[in-house]
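Taking it in order: structure first as structure tokens, then the write-up.
Just so it is clear, none of the values below were taken in a lab; they were calculated from the coordinates. What you are looking at is a predicted structure, and each value in this text was computed from that prediction instead of being measured. Neighbour counts are summed over all protein chains in view; Cβ atoms, including those assigned to glycine, are modelled from backbone coordinates with ideal geometry.
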Amino acid sequence: MSQPQQELIWILDNDRTCSALYQQTLGLQYRLRILESLDELLEAMAGQATSNHRESWLLIADPEHSRGSLNDFFKKGTSGGSPNRLPECLITSRVDDLNLMRFYLKAGARDYLLKPIRPNELVAKVERALHQINNREILILRNDLDGLEVSDLTFREHQLLTIFLSREDRSVKRDELYGAIWSKVNVNPKTLDVHLFNLRRKLRPLGYDILCQNQLFSLCKQAED
């Protein structure tokens, strides 16, 4: 009987000591691909996009050891200025900076791990991220609504808008939204409401609203006065 194929993890980190740690900690359970520069990452992503055999993968990246501006790459991706779909990723860094953490988490990073990396924490965070990736609905993020561009969306707001637009009637049950975004991982019940509130605030100037009735959220045009 053939063995199931190991899941793929890309490592963007040119610190060889860290690369060795990843090999020792993750190498037996996962297939690792070590990348040392942002250019290598972009080339690898381009190869994945044109491959007939596409597979999901997780990126673990250190912005300070990537030989290129990972910050700029994420800024372009979240603003729609890059043709590349932002990868599912974990950020590792020795920089304990709240604003930097907020930036990457807002851009869609699964987590932010401080170095020196603790092996058990790394394994647990990787397992959690892969579970979320493999059990959620994969969607190409959209920021257009009936020909109108919805600007300044966060990663979660992009996800919510995309899910609404993927439904023929633009209506989604609350538990389906949770399942599509968080893969039924336990989060504060108010988290979804906060993201919906912020998305609703950005849609109203365009003449749209998000209504809720009996735990069913609907994206619709605002009623004319």
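Things to note:
- Residue (of Leu148, Leu199, Asn214) at the positive-pole extreme of segment 144-221, dipole from beta-carbon charges: Asn214
- Extended-chain gain in nm, criterion 0.36 nm per residue less alpha-carbon gap, Leu28 and Asn198: 57.0 nm
- Residues whose amide H comes within less than 5 Å of that of Leu113, counting only those at least five positions distant or on another chain, are Ile91, Thr92, Ser93 (H built at 1.01 Å from N in the peptide plane).
- Pair Arg102, Asp146: separation of 7 Å Cα→Cβ label points (nm): 3.4
- Over 25 Å between alpha carbons, listed pairs Lys76/Lys202; Lys106/Lys202; Lys106/Lys221; Lys76/Lys190; Lys76/Lys221; Lys75/Lys173: Lys106/Lys221; Lys76/Lys190; Lys76/Lys221; Lys75/Lys173
- Inter-site label distance for Arg167 and Ala20 at 7 Å from Cα along Cβ, in nm: 5.3
- Those lysines that a straight Cα-Cα span of less than 16 Å connects to Lys115, excepting residues fewer than 8 apart in one chain: Lys125
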